[in-house]
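Read the structure below first, then the notes.
The values are calculated or read from the model by the stated rules, or taken from the named source; none is laboratory data. Everything numeric here is computed off the predicted structure, so don't read it as measured data. When we count neighbours, we look across all protein chains shown, and the Cβ atoms used for this are built from the backbone with ideal geometry, even at glycine. When the accessible area is computed, the model is the full protein with side chains, heavy atoms only, and any ligands, DNA or RNA have been set aside. Shrake-Rupley method; radii C 1.70, N 1.55, O 1.52, S 1.80 Å.
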Amino acid sequence: MSYKYLYLNTNMPEKDEVLKRTPNPAAKELITKLKKEGVPIFLDRFAAQQPQCRFGLQGICCRMCQWGPCTISRKSTHGVCGKDMNLIVMGNLLRALVSGLAAHARHAHEIYLTIMAVRDGTVNIKIKGEDRVFEMAGRLGIEVENRKIEAIAGEIAEILLEDLGKMKKGELRLLEAYAGQENKDLWRRLDILPRSSAYEIMEALHMTTLGACSDWMALVDQELRSTLAYCYSTLFGTSLATEILYGIPRPQKTVVNFGVLKEDHVNILLHGHSPVMVEKILEKIHTPEIQSLARQLGAEGIVLGGMCCTGNELLARYGIPTVTNILGQELAIGTGAVDTVIVDMQCIIPGMKITADCFGTEIITTCRSNRIPGAVHVPFDPEDPGSLDDNALYVARSAVESFGRRKRRNIHIPDYRTEALTGWSYEAILEAFDGADRLVELLKTGKFRGICTIVGCNTPKVAYESGHVTIARELIADGILLTTTGCCSHALLNAGLCASKAAEMTPHDTRVLLENLGIPPVLAVGGCVDNARSLRLFLTLAEAAGLKTHDMPFMFIGPEPGNEKTLGQGVTFLVHGISNTIGFPGHIPQPTVKPSSDNPEELERCSNDVADFFSQDGLINRFGAQVFTEPEPVLAAQIVKMHLHRKRLELRNQGWS
Ligand code: NFS
């Protein structure tokens, strides 16, 4: 059964429908198990919320002052203060975007301050990404002669921190260093160059408060400005700075999926986004002391599994197996085999603790911002990092000790293990294809019909992982190369699409090429901040082809939007000329159709100027890109294919096949 949302032109799945349609057999087993055991999960809470608020789903509810909440309808076309639909829709979009920006900024802050602590010698961490330090120093004009690597890295971190929080006029240094001249000129002309993440968040909240900005187009500009801060100060900044600390990932083979958990081992899941504390915990877990503690407690060893973006970071750097994504966190605990989940920041849902309590799983929180009542809290603070080693050892020991307390009833580990080749940093992708020129040639001759990045969260509004996996399968079957990050990458990893063997799902010529090179058709590049890697790849390829980004057969795909952080990802690609196909319901409102009120046999267009701006001339005139929205994955894949095909047709007279 489905919940029908006719006015959105879509249905949302109920639990039995999810069981029928999810492409993830392990999830199916675990949802069934938890249903039998009466353990509530997100699907039960989603059911209890039905039907979800019509106004909220359309973005036409305003809760930004205490005169409301106000909604827009035929009868009430304006809020109490006089705001119309455009102002409300755009205000909601802007607030969602800067909330996502704040989350990434907080993550960035931790990484930048950690590099400074390394420089100051107050923390026991060695810089592993020397290549990245020198590359960034070169771009930022930092002196490197006769200087220690820590000092150079520290100076880079100071600049990144300025980009994050500067309140005075002045451009983002990282944008200056990494964006192309043509884009910079365009953004300057449009007056959307940001000052810093913190400043743009402040300005966005200010502009949307009661009685501030009445011009929805000014809010659009602030959205675009905040997006550039999001892109360069938090995506590029965090991704590159993490590479300074822990190195640039290289491709490596691994095995992922729920089946990596082992009943006779201590099973520890690592969950969240910022890898600083968890890197140290890993060091401790690998010490003889902790390994022998596990054996003393009767375990055969220790299994580590990753979830969400911390999982992606560890997968990319060390091949540590990932298990699942944001909507699989309750399912993983529902195996009954997880002894401890160590969490840092973001995407750790409160429901996880409910499941953990049912199975006696210990939760250890390591970030001041992400507290969970009843969890053990051992925080990492980069401004007081002296206790990092002791705290990490304590966490490692506690994580293992919970094995001794495990309830041994009702353990079921779905028997699925999936091969994968991961670690696809920007450099690794270019190297694997023998450089940007060669990859452009492969595009030009049609060995690849296009390159897309497919990313983002899961949503209960789509049968679990069906959006990601269906679209990806359709696209690789058409010879399209994919990069992936975030929770989407967990779905594609578990579905086997990131294994070299998946080349057999691509058309003959593409298959021969991929098999010769040993490259899978879907490249898992890392966590959500590593969308910077995919964007960098797109920009490099366009430059190598001598074309503008918006002329290239590229697309950004976000099939299952969830977190506010995902909004900025899509807009990041838009401002660089790369169109989006978004699953629905997403943050950007969908221009759709509905039965006409005069004649129910007729359909009338149901939209607003904001939806039109994003899907039509507004964005196309500025950046040559637009947003397509389609909830049904097979149809969404068609939209992507048509878009790429159209781009290729336009390039025919330049020798493209
Ligand atoms: Ni991205 Fe990572 Fe997942 Fe969504 Fe959350 S883990 S930063 S926000 S839910 S993809």
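Every residue, every condition in (1) more than 21 Å from residue 531 (Cβ to Cβ); (2) of a type outside the set (A, V, I, L, M), yes or no:
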{"residue": "284", "(1), (2)": "yes, yes"}
{"residue": "293", "(1), (2)": "yes, no"}
{"residue": "296", "(1), (2)": "yes, yes"}
{"residue": "310", "(1), (2)": "no, yes"}
Can you pull out the residues in segment 177-217 that are assigned to a loop (DSSP other than H, G, I, E, B), closer than 30 Å to residue 69 by Cβ and of a type in the set (A, V, I, L, M, F, W, C)? 210, 212, 213
Of all residues in segment 113-156, which are over 15 Å from residue 245 (Cα atoms), of a type outside the set (Gly, Ala, Ser) and open to solvent by 60 Å² or more (accessible area, probe 1.4 Å)? 139, 143, 145, 146, 147
Do you know which of the residues in segment 1-10 that are buried (at least 17 other Cβ atoms within 10 Å of the Cβ) and among the polar types (S, T, N, Q) is nearest to the chain's Cα centre (by Cα)? 10
Among the candidates 281, 290, which residue alone is surrounded by 24 or more Cβ atoms within 10 Å (Cβ to Cβ) and assigned to a helix (DSSP H, G or I)? 281
Within segment 447-465, restricting attention to residues that are open to solvent by less than 10 Å² (accessible area, probe 1.4 Å) and more than 16 Å from the ligand (Cβ to nearest atom), which residue is nearest to the chain's Cα centre (by Cα)? 452
Across segment 294-319, what is the number of residues that are touching a residue at least 12 places away in the same chain (Cβ under 8 Å) and either within 16 Å of the ligand (Cβ to nearest atom) or not in a loop (DSSP other than H, G, I, E, B) (or both)? 18
Single residue of 448, 403 found to be aromatic (Phe, Trp, Tyr) and not in a loop (DSSP other than H, G, I, E, B): 403
Here is a list of conditions, (1) under 30 Å from residue 456 (Cα atoms); (2) more than 16 Å from the ligand (Cβ to nearest atom), and residue 120 meets all of them except one; can you say which number that is? (1)
Identify, from the list 348, 411, the residue that is among the β-branched types (Val, Ile, Thr), away from the ligand (no atom under 16 Å from the Cβ) and outside any helix (DSSP H, G or I). 411
Report those helices (runs of 4 or more DSSP H) wholly inside segment 476-576 carrying at least 3 residues which are surrounded by 24 or more Cβ atoms within 10 Å (Cβ to Cβ) and at negative phi. 486-494, 531-545, 565-575
List every residue pair whose Cβ atoms lie under 8 Å apart, where the two residues are 6 or more positions apart in sequence or sit on different chains, the first residue falls within segment 112-127 and is within 15 Å of residue 238 (Cβ to Cβ), and the second residue, located anywhere, is assigned to a helix (DSSP H, G or I) and open to solvent by 20 Å² or more (accessible area, probe 1.4 Å). 112/161; 113/161; 116/158; 116/161
Answer yes or no: is there a residue in segment 67-83 that is open to solvent by 50 Å² or more (accessible area, probe 1.4 Å), among the basic types (Lys, Arg), out of contact with any strand residue (DSSP E or B) (no Cβ under 9 Å at 6 or more places or on another chain) and over 26 Å from residue 177 (Cα atoms). yes
Restricting the search to segment 398-446, which residues are among the β-branched types (Val, Ile, Thr) and either within 22 Å of residue 647 (Cα to Cα) or surrounded by fewer than 19 Cβ atoms within 10 Å (Cβ to Cβ) (or both)? 411, 440, 445
Against the conditions (1) open to solvent by less than 10 Å² (accessible area, probe 1.4 Å); (2) away from the ligand (no atom under 16 Å from the Cβ), where does residue 468 fall short? Just the number, please. (2)
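Per-residue answers, yes or no, for (1) modelled with pLDDT under 65; (2) assigned to a loop (DSSP other than H, G, I, E, B); (3) open to solvent by 40 Å² or more (accessible area, probe 1.4 Å):
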residue: 581; (1), (2), (3): no, no, no
residue: 584; (1), (2), (3): no, yes, no
residue: 601; (1), (2), (3): no, yes, yes
residue: 619; (1), (2), (3): no, no, no
residue: 636; (1), (2), (3): no, no, no
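Every residue, every condition in (1) open to solvent by 10 Å² or more (accessible area, probe 1.4 Å); (2) over 27 Å from residue 411 (Cβ atoms), yes or no:
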| residue | (1), (2) |
| --- | --- |
| 316 | no, yes |
| 320 | yes, no |
| 327 | yes, no |
| 332 | no, no |
| 365 | no, no |
| 370 | yes, yes |
| 374 | yes, no |
| 384 | yes, yes |
